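The values are calculated or read from the model by the stated rules, or taken from the named source; none is laboratory data. None of the values given here were measured: they were computed from a predicted structure. Using ideal geometry, Cβ is built from the backbone for each residue, glycine included, and neighbour counts are taken over all protein chains shown. We work out accessible area using only protein heavy atoms, side chains counted, and drop any ligands, DNA or RNA first. Shrake-Rupley method; radii C 1.70, N 1.55, O 1.52, S 1.80 Å.
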Amino acid sequence: MDRHFAAMQKPLADEPDFKNVHLVTVSFDPAADTPPVLKKHAKELDADLARWTFLTGDRDEVDRFAGDSACP
């Protein structure tokens, strides 16, 4: 998914109708994807951090987030 987001950054930035679109990547492996790891990953993707946020949390928070889907 992150490769798709990386490819979408420039077209989104260039299109006025999408100026408020914000990309969010959520790690579901917080033990491995620590903030420093996610920061490095973002840099490798050349992520525009004004438009793209990388999130993680403790295991319970991530599990709760993953289980609280608003989609049927």
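In loop segments of the chain as defined by DSSP, the trypsin sites (Lys or Arg not before Pro) with at most 15 further C-beta atoms inside 10 Å of their C-beta are LYS19.
Ellipsoid fit via the Cα gyration tensor, segment 21-72: semi-axes of 21, 15, 7 Å, each the root of five times an eigenvalue, largest first. In the context of the full set of protein chains, residues of the chain present 77 Å² of accessible surface per residue (probe radius 1.4 Å, heavy atoms only).
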